[in-house]
Amino acid sequence: MHRAVVDLLEAEGYDALQVREVARRARVSLTKIYKLHGTRDELICAALEVWMRENRYAGLEARGRGEESLYEGLMRVLRRIFEPWERHPALLAAYFRARSAPGGDALIRRGFEAVVPAAMAVLDGVDSDFVDDLDTVVSSLVYGLLGRFARGEIEVRQIVPALDRTVYWLTTGYLAERGR
């Protein structure tokens, strides 16, 4: 059933998704769908959550930087998060819509559960004030970029380069300040 939702989101988009078509493709009754997922939005959120677990967060592990710079470690994590979205831009647009729908907070929570351990492993030993500032800046930037993408203002492939430049300058400034 979730595969049918993902396929429809990719092919037709968030607004065009009809629960009746999901039921037909998944060969389940509408009653079963509504019993498992009370609303269309909950169904979409559940399908996106499964897809994200299998694709977006797969291979995202909590490991220290090793020989990587702070910048390289953070970008390793961010690229791992965003590369699946680049291959599935319609799902990214659906994710942006679904995260503000009823039940969408579960998508955000699951994301934090997957990303925070990986990011914090990279940030081990980094000043906590910088970590807080980095979180504020990067999460705000991500939200703004996703909104611009969802509105068609930018291409999906512009997201990672914008993050890359921002993380580069933030980490460069942090390391320069620490060196004083």
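The values are calculated or read from the model by the stated rules, or taken from the named source; none is laboratory data. Keep in mind that what you see is a predicted model, and the values were worked out from it rather than measured. Using ideal geometry, Cβ is built from the backbone for each residue, glycine included, and neighbour counts are taken over all protein chains shown. Ligands, DNA and RNA are stripped out before the accessible areas are found, and what is left, the full protein with its side chains, is counted by its heavy atoms. Shrake-Rupley method; radii C 1.70, N 1.55, O 1.52, S 1.80 Å.
Here is a check on your reading of the model: is R178 closer than 29 Å to A4 by Cβ, open to solvent by 40 Å² or more (accessible area, probe 1.4 Å), of a type outside the set (G, A, S) and more than 12 Å from the chain's Cα centre (by Cα)? Taking the combined requirement at face value, the residue does not satisfy it. Somewhere in region 50-60, is a residue buried (at least 18 other Cβ atoms within 10 Å of the Cβ) and in a loop (DSSP other than H, G, I, E, B)? Looking through region 50-60, at least one residue is buried (at least 18 other Cβ atoms within 10 Å of the Cβ) and in a loop (DSSP other than H, G, I, E, B).
Does P102 satisfy the condition of being open to solvent by 40 Å² or more (accessible area, probe 1.4 Å) and at pLDDT below 90? In short, yes.
This table checks each residue for (1) closer than 30 Å to A121 by Cβ; (2) charged (D, E, K, R); (3) assigned to a loop (DSSP other than H, G, I, E, B); (4) touching a strand residue (DSSP E or B) at 6+ places or on another chain (Cβ under 9 Å).
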residue: V5; (1), (2), (3), (4): no, no, no, no
residue: I33; (1), (2), (3), (4): no, no, no, no
residue: I44; (1), (2), (3), (4): no, no, no, no
residue: L48; (1), (2), (3), (4): yes, no, no, no
residue: L74; (1), (2), (3), (4): yes, no, no, no
residue: R80; (1), (2), (3), (4): yes, yes, no, no
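To keep it simple, each residue is scored yes or no on (1) open to solvent by 70 Å² or more (accessible area, probe 1.4 Å); (2) more than 27 Å from G38 (Cβ to Cβ).
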site	(1), (2)
Y95	no, no
V138	no, yes
E155	yes, yes
W169	yes, yes
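Looking across region 111-136, just one residue is in contact (Cβ under 8 Å) with a residue 40 or more places away in the chain, open to solvent by 70 Å² or more (accessible area, probe 1.4 Å) and assigned to a helix (DSSP H, G or I), and that is M120.
Write out, first by first residue and then by second, each pair whose Cβ atoms fall under 8 Å of each other, whose residues are 6+ apart or on separate chains, and whose first residue, in region 75-98, is under 13 Å from W51 (Cα atoms) while the second is of a type in the set (D, E). Short answer, once both residue conditions are applied: H88/E10; A90/E10; L91/E10.
A quick yes/no check of all residues on (1) surrounded by 13 or more Cβ atoms within 10 Å (Cβ to Cβ); (2) out of contact with any Cys (no Cβ under 8 Å at 6 or more places or on another chain); (3) free of Cβ contacts under 8 Å to residues at least 40 places away in the same chain:
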residue	(1), (2), (3)
E10	yes, yes, no
A16	no, yes, yes
V19	yes, yes, yes
R25	yes, yes, yes
L30	no, yes, yes
K35	no, yes, yes
D41	yes, yes, no
C45	yes, yes, no
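When region 137-162 is filtered for residues that are in contact with a helix residue (DSSP H, G or I) (Cβ under 8 Å, 6 or more places away or on another chain) and outside any helix (DSSP H, G or I), the ones remaining, listed by number, are I154, E155.
R165 meets the conditions (1) among the charged types (D, E, K, R); (2) part of a helix (DSSP H, G or I); (3) more than 12 Å from the chain's Cα centre (by Cα); (4) modelled with pLDDT under 95 in every case but one. The failed one is (4).
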